[in-house]
Amino acid sequence: MQNLQVAPVSRSRIISHMPKPYSPESCHQYQTQFDAGVRASCQQRGAGAIGLKMSKAVMVGDLYVGKTSLINRFCKNVFDRDYKATIGVDFEIERFEILGIPFNFQIWDTAGQEKFKCIASAYYRGAQVIITAFDLGDINTLENTRRWVQDALKENEPDTCSIFLVGTKKDTLSEAELERTEQDAIRLAVELQAEYWSVSAKTGENVKDFFFRVASLAFEQSMKKELEKNLGSTAQIGAGNFIQLDGNLSDKKENEPQLNMNCC
Ligand SMILES: Nc1nc2c(ncn2[C@@H]2O[C@H](COP(=O)(O)OP(=O)(O)OP(=O)(O)O)[C@@H](O)[C@H]2O)c(=O)[nH]1
Ligand SMILES: [Mg+2]
C-alpha cells in the first residue's frame, strides 16, 4: 500500500504567538494573544494531530489596486511592474502551522473589472475572511470598498466573516499623504468593523505581517467555533472543516464552482 507523506510546513510559516495589528486604533478587536481556550486546546492535541484545519479568504476591490501583486508578494515573493488583469478568479493555498496545528489558508484573488464580477462573486461563498483592498493613492477606490464588502457579505451567513481593509502601494506616498489617507481609511474600517493595514507589494513592507495576522485570526476563529460546537470538551480532530492529510492538494478546486466564462 502506498504511504502518502505530506511535506512539513516551511519554517517561515510557523506561528506561535498572535501577530500584532498594524496599530491599536486600526483594529476592530485589539488582541495580542491567542484566546486562552484555543491555546489550551492546541496544546492538548500537540503534534499528534491527524487532521489539519483550513479557512478561506477572498480578496476583493477595484481593478488595478494591487490585489494580485499583494498575494504574489506573500506567496511567491515576487513583484511584477506590468499589469495583467485577473480574469475571474485565481487562488493560492498557504500552509501554516499555528500553535502546533497544521492550517491551510486559501487565498482567493478576484477580478476587479466589472465584466468579470459575476464570475468572481460565485467564489465569495464560504469565506471566513474578506480582504478588501484599495489604492492609498486613489481615494475613489477607498470609497468603493464599502460596496465590495457588502457584495461579499451578501454571499455569506451573517457574522461569519472577519473583514480586513488594506491600503496598497504604500511606497508611492509621502508620509504626510499617507497620514491623511489613513485617517479616512481608519474611519471607514471602524464603520465596516474591519481591521486596517497599509502595505506595499513592491517593497514588501508589512506584507508578511499582514498575512500572518489574517491567518492567525482566521485560525483562532475557526478553533473557537469548533470549541463552541463541542462545548465543555476539546475540539474534535477530523470534524467540521478539517481535511485529511492524505488528500491531494492538486484536487484543491474540486469542490469549488467551475468557471463559467459565458455568464457575463
Ligand atoms: N508602486 C507600486 N505598484 C504596485 C504595487 N502593487 C501593485 N502595483 C502595480 O499596480 C498595477 C496593478 O496591480 P495588480 O496586482 O495587477 O492589480 P489587481 O487589483 O489585481 O487588478 P485586477 O486583477 O484587474 O483586479 C500593476 O502594474 C502593479 O505592478 C505596489 O505596492 N507599489
Ligand atoms: Mg488581479
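Values quoted throughout were computed directly from the atomic coordinates according to the rules given, and no laboratory measurement underlies them. From a predicted model like this one, the values you see are computed outputs, not experimental measurements. Cβ sites come from the backbone with ideal geometry, for glycine too, and all protein chains shown count toward neighbours.
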Study note, to complete from the structure: Residue-ordered couplings for the range 111-122, obtained by feeding phi - 60° into the Karplus form 6.51 cos²θ - 1.76 cosθ + 1.60 and rounding to whole Hz (Gly and Pro as x), are 7, x, 5, 3, 5, 9, 4, 5, 6, 5, 5, 5
Point to revise | 11 Å reach of a label modelled at Ala7, 7 Å along Cα-to-Cβ, counting backbone N of the range 65-81 | key: none
Revision key, fill the gap. For the range 8-18, Karplus-derived ³J(HN,Hα) couplings (6.51, -1.76, 1.60; θ = phi - 60°; whole Hz; x for glycine and proline) come out as x, 5, 4, 4, 7, 10, 9, 10, 10, 9, 5
Check your understanding: What's the long-distance tail for the range 52-168, i.e. % of Cα pairs beyond 20 Å?
Key -> 40
Practice item. Once you have the Cα-Cα distance between Ile93 and Gln150, take 0.36 nm times their residue separation minus that, and quote the gain in nm to one decimal. Key: 18.0 nm
Review point. For Lys117, which aspartates and glutamates qualify as cross-link partners when the Cα separation must be under 16 Å and same-chain residues fewer than eight apart are set aside?
Key: Asp62, Asp90, Asp109, Asp151, Glu155
Practice item. May I ask which of Lys67/Lys208; Lys56/Lys170; Lys20/Lys170; Lys67/Lys170 have a Cα-Cα span longer than 21 Å here? Key: Lys56/Lys170
**Study point:** Protection proxy ranking, peptides 184-191, 33-40, average beta carbon neighbours within 10 Å, highest first
**Key:** 184-191, 33-40
Review point. What residues of the range 97-117 lie in the reach of a label at Lys229, counting those whose backbone N is under 19 Å from a point 7 Å from the Cα along Cα→Cβ?
Key: 98, 101-106
Point to revise | FRET efficiency, Tyr83 to Ala36 (Cβ-Cβ, R0 35 Å, nearest 0.05) | key: 0.15
Check your understanding: What is the packing order of peptides 57-67, 72-82, 147-157, taking the mean over residues of other C-beta atoms within 10 Å and listing the highest first?
Key -> 57-67, 147-157, 72-82
Practice item. Give the long-range amide H neighbours of Thr86: residues separated by 5 or more places, or on another chain, with amide H under 5 Å away, using H modelled in the peptide plane at 1.01 Å from N. Key: Gly112
**Study point:** Inter-label distance, nm, simple model (7 Å from Cα along the C-beta direction), Arg125/Thr160
**Key:** 1.0
